[in-house]
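Engineer: Mind looking over this structure? Questions follow.
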Amino acid sequence: MLSVIYELMSKYDADKVHLGTNPYFIRSLKLLIGEGSYNDKLIAGYRSEGLDDNWSQNMRLVSVNFNAEYKLC
């Protein structure tokens, strides 16, 4: 699956990819594309300072809990 996602990112030159919340998969994919791994403590720090939207600005891979953050119409 890592190679499939990587190929799609390369093929479509994706600036930002939103993925589910599997930390092992996301960490592996971040290592594959050369992006530093962001951990939950760093994200929690941004959110506690009211910078909720800023933590993902410089990330290509963003972990999203689709059940909590997106509602079906």
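The values are calculated or read from the model by the stated rules, or taken from the named source; none is laboratory data. Here the structure is a predicted model, which is why all the values come from computation and not from measurement. All Cβ positions, even for glycine, are placed from backbone atoms using ideal geometry, and neighbour counts span all protein chains on display.
Engineer: Name, by its number, the condition in (1) among the small types (Gly, Ala, Ser); (2) surrounded by 12 or more Cβ atoms within 10 Å (Cβ to Cβ); (3) modelled with pLDDT of 85 or more that does not hold for Ser3.
Structural biologist: So Ser3 meets the others, but not (2).
Engineer: Taking segment 3-32 only, how many residues are part of a helix (DSSP H, G or I) and touching a Ser or Thr at 6+ places or on another chain (Cβ under 9 Å)?
Structural biologist: Matching residues across segment 3-32 total 6.
Engineer: Additional query: May I ask you to verify whether Ile43 is surrounded by 10 or more Cβ atoms within 10 Å (Cβ to Cβ) and either touching a Gly at 6+ places or on another chain (Cβ under 7 Å) or at pLDDT below 85 (or both)?
Structural biologist: Considered against the rule, which asks whether it is surrounded by 10 or more Cβ atoms within 10 Å (Cβ to Cβ) and either touching a Gly at 6+ places or on another chain (Cβ under 7 Å) or at pLDDT below 85 (or both), Ile43 comes out as yes.
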